[in-house]
1. Select from segment 84-130 the residues that are of a type in the set (S, T, Y) and touching an Asp or Glu at 6+ places or on another chain (Cβ under 7 Å) and write down the one among them that is nearest to T383 (Cα to Cα).
2. Which residues, taken from segment 298-337, are over 19 Å from the mean Cα position of the chain (by Cα) and within 23 Å of R355 (Cα to Cα)?
3. Got a number for residues in segment 155-183 being at pLDDT below 95 and either closer than 30 Å to A245 by Cβ or not polar (S, T, N, Q) (or both)?
4. Condition (residue is in a loop (DSSP other than H, G, I, E, B) and within 16 Å of the ligand (Cβ to nearest atom)) applied to segment 341-363: is it met by at least one residue?
5. Out of curiosity, is G207 away from the ligand (no atom under 15 Å from the Cβ), open to solvent by 10 Å² or more (accessible area, probe 1.4 Å) and on the phi > 0 side of the Ramachandran plot?
6. Restricted to segment 131-169, and to residues that are in contact with a Gly (Cβ under 8 Å, 6 or more places away or on another chain), open to solvent by less than 30 Å² (accessible area, probe 1.4 Å) and within 16 Å of the ligand (Cβ to nearest atom), which residue is nearest to A412 (Cα to Cα)?
7. What do you reckon, is E398 over 16 Å from the mean Cα position of the chain (by Cα) and within 13 Å of the ligand (Cβ to nearest atom)?
8. With (1) farther than 25 Å from S120 by Cα; (2) in contact with a strand residue (DSSP E or B) (Cβ under 8 Å, 6 or more places away or on another chain); (3) without any contact (Cβ under 8 Å) to a residue 24 or more places away in the chain as the list, and R78 as the residue in question, which single condition is left unmet?
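The values are calculated or read from the model by the stated rules, or taken from the named source; none is laboratory data. Source: prediction; values computed, not measured. No Cβ is skipped: glycine too gets one built from the backbone with ideal geometry, and neighbour counts run over all protein chains shown. Just so you know, the surface numbers come from the protein's heavy atoms only, side chains and all, with ligands and any DNA or RNA stripped out. Shrake-Rupley method; radii C 1.70, N 1.55, O 1.52, S 1.80 Å.
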Amino acid sequence: MTIEAERATLLRWIEAETPALVAALARFTRAASPNPPGDTREATGVLTDALDRAGLPHRIIAPLAEAPNLVAAIDGGRAGRHLVLNGHIDVFPCDDPQRWTRDPWGGEVVDGRVYGRGVSDMKNGTLALLFAQVWLSRLADTLPGRVTFTAVSDEETGGTWGAQYLVDHHPEVLGDCLLNSEPGAPTTIRFGEKGILRLAVTIRTPGCHGAYTHKSPSATRIAARLVRAMEAITRLPVAMEPEVARALADGAAEMDRIHLPGAAGVMRQFTLNLGVVRGGAKVNMLPGDCRLEFDIRIPPGERSATVRTALDRILADFPEATLEVTGLSEPTWSSPNHPMVGALTDACVASCGFRPRAIASLAATDARIWRAKGVPAFTYGTTATNVAMPDEHTDIAEWIGVVKTLTLAAHAWLHAEAAR
Ligand SMILES: [Zn+2]
């Protein structure tokens, strides 16, 4: 079979097996896997059943017994590159079932949609990649290289026991390129994401009776001045490789369309959120302490060191303040001109009839964990409809377009790399 004929065969299989795919998504959604608490065993069973039915070998890697990670590799019939597919099994919890019009754990299929907590983030994406693996395995004889499907159970609480554990202890999951299917929008391919720097600043002064304002500086007033000074972070110049800057400029209109106007601007700058302010005990006391917690997001192209230098300058004027870094992940990005972006673009044009834009993502995904290990990583998925909100759902027609795009892109990338 020619590559063209294989492509047509893949599309035919996807069309023919769409009802089975939808049934599997409903079942996967009914296997509740909210994290916390993070028991994903039943949901993992849905995936291993699907692999068993396709006759594909798999193994469980479970540093936490109730949160198994699943790895399933297939080898093609000839030499080539190694593509890794990655999704997560755990989902956000559902604390407000009374605000839903559907059962959050019912996996109801109504009017071309599948409803349920986690169906969009990201049971539909994880299942799309599993099925891509199954279809590619049927063409294994002519397939170059290797495909490793990974599904992890700790994404929503940081990844320590999921993707991070896998890449640290099982380097066979690293591969030459990663395809992840977190939701975003099918009109966009995500090649990077912002970094996060979390800070706690504590301001201490002697404090005193509120009538004796001459006796002690006020920690809350100093905090107010410091908050104003901290705004300088958002005006820091941003260094960005030309190809990243170009891609983000090209994708700006689409970013604003899918994330509301302003998103493209925010993507390309340092942002500062003062998430927590805690100071003073009583209205007639002069506060002797105040704690501020900041969340700073770092654009792709930049590093946290830029912020640290600026912070040192700002805090030099506030001797009463002490700074503590409470969290850090550097921004990560892969080349927006990587061949996988081309493969996804062509596959999307062929399956959906539109050309997606390469953009960066505002939220964090496990793709960052592969990028941090030097593996180019890309995310492509459905619209994040009502993620973490009541009535989360997936539009089946849109999802099938994503399934086709991911499958064709994986197939095309492996063949193109082998021909290089
Ligand atoms: Zn997710």
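1. S120
2. N337
3. Looking only at that region, the number is 4.
4. There is at least one residue in segment 341-363 that is in a loop (DSSP other than H, G, I, E, B) and within 16 Å of the ligand (Cβ to nearest atom).
5. It is true that G207 is away from the ligand (no atom under 15 Å from the Cβ), open to solvent by 10 Å² or more (accessible area, probe 1.4 Å) and on the phi > 0 side of the Ramachandran plot.
6. T150
7. no
8. Checking R78 against (1) farther than 25 Å from S120 by Cα; (2) in contact with a strand residue (DSSP E or B) (Cβ under 8 Å, 6 or more places away or on another chain); (3) without any contact (Cβ under 8 Å) to a residue 24 or more places away in the chain, the one that fails is (3).
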